[in-house]
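Accompanying notes for the structure given below.
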Amino acid sequence: MSKKIIWSDIAKQDIISIKKYFNARNKSNVYSKKLLVLFRDTVKLICKYPYLSVNTDRKKVRSFVVKSYIIFFEIKPDCIYIISVWDSRRDPDQLKRILEK
C-alpha cells in the first residue's frame, strides 16, 4: 500500500533550485520538466516500495539515486518524508548538516 508523501521545506527548495538552474542554463524549461517528472515518478516508486532504496549511515534515513541526484527520505508509519533532493556534485559537508537536522 502506498503511503502519503510529505516534502520538507528543504526538499521543496531543492526542487525549485534545480528547476531554476536548468531553466536558466538551457534557456528552456523542457529538460527541467522532464527531470521533475522523473523525480515525481521516483517518489511514487519509493512510496510503493520504500525498501527498494539504500540505507544511509544516518539512522532511519534512506536514499534513492536519480541521475546525478539523491533523494533522501525517512519511512514513517503514516508517510514517506522527503528530506532533500541532493545534487551529488555539491559539497558533502552541506548534506551532512541537512541530514543532522
Can you tell me which residues in the range 41-76 are basic (Lys, Arg), within 13 Å of the chain's Cα centre (by Cα) and more than 24 Å from PRO92 (Cα to Cα)? LYS44
Determine whether the range 76-88 contains at least one residue that is under 21 Å from LEU99 (Cα atoms), surrounded by fewer than 17 Cβ atoms within 10 Å (Cβ to Cβ), of a type in the set (Gly, Ala, Ser) and modelled with pLDDT under 95. yes
Any chance you could count how many residues in the range 34-60 are surrounded by 11 or more Cβ atoms within 10 Å (Cβ to Cβ) and touching a helix residue (DSSP H, G or I) at 6+ places or on another chain (Cβ under 8 Å)? 8
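The values are calculated or read from the model by the stated rules, or taken from the named source; none is laboratory data. Computed from a prediction, not measured in an experiment: that's the story for all the values here. All Cβ positions, glycine included, derive from the backbone under ideal geometry; neighbour counts span all protein chains shown.
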